[in-house]
Structure formats: C-alpha cells, structure tokens
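Below you'll find the structure, written out as structure tokens, and then a few comments.
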Amino acid sequence: MQSPKQLEEGNITKLIISFSGPAIVGMLVMSIYNVVDRFLSAVV
C-alpha cells in the first residue's frame, strides 16, 4: 500500500500505472466472463 507521503510527492506516471493496473485487469476479467456467459447462454 502506498503511504500518503508517496501519494503527495511520488512520480505521477508511476502512481497512475500502479493504480490503473488492477482496474484494467478487473475490467478484462469481467469482459471475458461476459463474453463466455453470453456464448454459453446462447448454446443452451
């Protein structure tokens, strides 16, 4: 976890990447789940 001091004085590019990484992975997993769910729903 980032300390408040790092959030205030850290490199903005590294902070954006560190915070956006988990969000991107979560959205990809959710999108893949939705595609598979729709495919399986259409088959059944």
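Read-outs throughout are calculated quantities, based only on the coordinates presented, and are distinct from any laboratory measurement. What you see is a predicted model, and the numbers here were worked out from it, not measured in a lab. As a convention, Cβ positions derive from the backbone with ideal geometry for all residues, glycine included, and neighbour counts pool all protein chains shown.
Enter the mean projected area of the convex hull around the alpha-carbon atoms of the chain, in nm², rounded to one decimal.
In nm², the orientation-averaged hull projection of the chain is 3.6.
How many nm separate the modelled label positions at LEU15 and ALA42, each set 7 Å beyond the Cα in the direction of the Cβ?
4.4
Modelling each spin label as a point 7 Å along the Cα-to-Cβ direction, I'd like the LYS5/TYR33 distance in nm, to one decimal.
3.8
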